[in-house]
Amino acid sequence: MARVILENVSKYFNEVIAVKDFSLEIEDKEFVVFVGPSGCGKTTTLRMIAGLEEITKGNIYIGDRLINRIPAKDRDIAMVFQNYALYPHMTVYQNLAFSLEMRKLSKKEIDERVKEAADLLEISELLHRKPKQLSGGQRQRVAVGRTIVRKPQVFLFDEPLSNLDAKLRVQMRGELKKLHERLSSTIIYVTHDQVEAMTMGDRIVVMKDGLIQQVGKPLDLYFHPINKFVAGFIGSPTMNFIETELIGSENRLFVQADGFRLRIPEERSRNLQNHVGKKITLGIRPQDLSKASAPVEGETIEALVEIIEPIGNEIYLDVKAGRDSLIASVDPKTRVIPHQKILLQANLENIHLFDPDDEKALL
């Protein structure tokens, strides 16, 4: 396996900038996930690493090799696509063996590698079948197996689970993570699903408009987002954002919204003195709003329940507080009905504050 280094990599399609100044070092055996909305440049970046897109500017290294001008077939990488890309007229065995046959390996070595991959992925009993006789999850395993047999330096995954149903996606996420541990491989994985990114990646690269927004471990991004975009993209349900004004003096600061105000913890107040009297964006996750038993000045929010969404282990409440709409995640045993007034307790230690102009976090 090998490190992957991208130095100021950019990709232009005529006047359109798909990726700009992308710089990242991916360590040997690391599982890194590129995540972001459609059109953010994550797949284009992956395709440049694979050699399927030409680099406009910058350099890419795999191990110690500069690979900018090395053809895709000679880069010693293997890629799993969203649509599996299996040969429909071939059996599973033949699909797994095909790339090895093209490399002129001996029949004995091909057979050993195919059976080793099939055992690892638990598809040995499927080797005689053709793709049309397989379920979606089985096809995905075959697609992964076709990369394993090649024993590449780097595995590339381009939204490989997007065609599977929700239950199977959860199962395959776990299997791919276990596979990474068994193979001790370097994996670069692209997805638009932040849940996949959070549960699978050693590190996550959040992208928007062709630019890296933040790189970090999953929980670092969740608890310490660098800007409003990352805060809103990471976490489900998405973070609540409220336009407020910072009021108060010295160590007694509040964010004032239309229908409520919340106290800023004293240790954070010291760094916000220059923003007193100015507009500020408050961010608070649904999980940090719980049902309160009594009002507390600067800590609770009085709201009106509009929609109730029970999902089993928690209940999502769509509520109205003044002019602002919020989502709160409450205990599943909470008794509440639509159009009922409710008191919400805010976890002040976990609130986030952003500059409304550049949307950067105020630390």
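The values are calculated or read from the model by the stated rules, or taken from the named source; none is laboratory data. The structure presented is a predicted model; accordingly, all values stated were derived computationally and were not measured. Because the Cβ atoms are built from the backbone with ideal geometry, glycine has one as well, and the counts that use them run over all protein chains shown. Areas reflect the complete protein model, heavy atoms only, side chains present, ligands, DNA and RNA absent. Shrake-Rupley method; radii C 1.70, N 1.55, O 1.52, S 1.80 Å.
Which ³J(HN,Hα) values, rounded to whole Hz and listed in residue order, are derived for the range 8-15 from phi using the Karplus coefficients 6.51, -1.76 and 1.60 in 6.51 cos²θ - 1.76 cosθ + 1.60 with θ = phi - 60°, glycine and proline given as x?
Working through the residues one at a time gives 6, 7, 10, 9, 10, 10, 6, 8 Hz.
Report, by chain and number, residues whose modeled amide H sits under 5 Å from the one on V149, excluding near sequence neighbours (fewer than 5 apart, same chain).
Amide H neighbours of V149, under 5 Å, 5+ apart: none.
Would you mind checking which residues have amide H under 5 Å from T186's amide H? H placed 1.01 Å from N; only 5 or more apart, or other chain.
A2, K29, F155
Out of residues 5 or more away from S236 or on other chains, whose amide H comes under 5 Å of its own, with H placed 1.01 Å from N in the peptide plane?
Under 5 Å from the amide H of S236 lies no amide H from a residue far enough along the sequence or on another chain.
Which order do the peptides 271-279, 6-14 come out in when sorted by mean C-beta neighbours inside 10 angstrom, highest first?
Highest-to-lowest ranking by the protection proxy: 6-14, 271-279.
Can you compute 3J(HN,Hα) from phi for each residue in the range 125-131, using the Karplus curve 6.51 cos²θ - 1.76 cosθ + 1.60 with θ = phi - 60°, rounded to whole Hz and x for Gly and Pro?
6, 9, 4, 8, 7, 9, x
Might you report the magnitude of the Cβ-based charge dipole of the chain about its Cα centre, with Lys and Arg at +1 and Asp and Glu at -1, to the nearest 20 debye?
With Lys and Arg at +1 and Asp and Glu at -1, about 1320 debye.
E266 to D358: FRET efficiency via 1/(1 + (r/R0)^6), r the Cβ-Cβ distance, R0 30 Å, to the nearest 0.05?
Between E266 and D358 the formula returns 0.70.
Of all the accessible heavy-atom surface of the chain, with the other protein chains kept in place and a 1.4 Å probe, what percent is carbon and sulfur?
It is 48 percent, rounded to a whole number.
Got a number for the accessible area of M90? Probe 1.4 Å, square angstrom, nearest 10.
Around 30 Å² of this residue is reachable by solvent.
So, taking all protein chains as they sit and a 1.4 Å probe, how much accessible area belongs to K130, in Å² rounded to tens?
80
On a 1.4 Å probe surface of the protein chains, which of I264, I5 comes out largest in accessible area, and what is the full order?
So the residues, ranked largest to smallest area, are I5, I264.
Return the inverse of the average 1/r over all pairs of distinct C-alpha atoms in the range 181-287, which is the Kirkwood hydrodynamic radius, in Å to one decimal.
16.0
What is the packing order of peptides 195-203, 298-306, taking the mean over residues of other C-beta atoms within 10 Å and listing the highest first?
Top of the packing list down: 195-203, 298-306.
Straight-line reach from K130: which lysines have a Cα under 22 Å away, not including same-chain ones fewer than 8 places off?
Those lysines meeting the cut-off are K107, K115.
Under a Cβ-only charge scheme (Lys and Arg +1, Asp and Glu -1), can you give me the dipole magnitude of the range 69-114 about the Cα centre, in debye to the nearest 20?
Dipole of the range 69-114, to the nearest 20 debye: 180 debye.
Taking θ as phi - 60°, what are the ³J(HN,Hα) couplings along the range 250-263 by the Karplus curve (6.51, -1.76, 1.60), each to the nearest whole Hz, with x for Gly and Pro?
6, 9, 10, 10, 9, 9, 9, 9, 5, x, 6, 9, 10, 7
Roughly speaking, what is the centre-to-centre gap between the range 287-315 and the range 237-280 when only Cα atoms are used, to the nearest Å?
If we compute the Cα centre of each part, the gap is 20 Å.
Label the range 43-180 by shape, choosing from rounded, prolate and oblate, from the square roots a ≥ b ≥ c of the eigenvalues of the Cα gyration tensor; if a/c is under 1.5 it is rounded, and otherwise prolate applies when a/b is larger than b/c, oblate when it is not.
Oblate shape, in that a/c is at least 1.5 and b/c is the bigger or equal ratio.
Of L353, A328, M102, which is farthest towards the positive pole of the chain's charge dipole, taken about the Cα centre with +1 and -1 on the beta-carbons of Lys, Arg and Asp, Glu respectively?
Of the listed residues, the answer is M102.
Please give the length that would be gained between A294 and S23 if that part of the chain were fully extended, namely 0.36 nm times their separation in residues minus their C-alpha to C-alpha distance (nm, one decimal).
Full extension from A294 to S23 adds 92.5 nm.
Would you check the accessible area of D28, probe 1.4 Å, heavy atoms only, in square angstrom rounded to 10?
Spelled out: D28, probe radius 1.4 Å, area about 70 Å².
Which percent of the Cα-Cα distances in the range 1-75 go past 16 Å?
Roughly 47 percent, once rounded to a whole number.
Per residue, how big is the convex hull around the C-alpha atoms of the range 262-363? Give it to me in cubic angstrom, could you?
118
The range 137-166 to the range 50-123: how many Å between their Cα centroids?
Their Cα centres are 11 Å away from one another.
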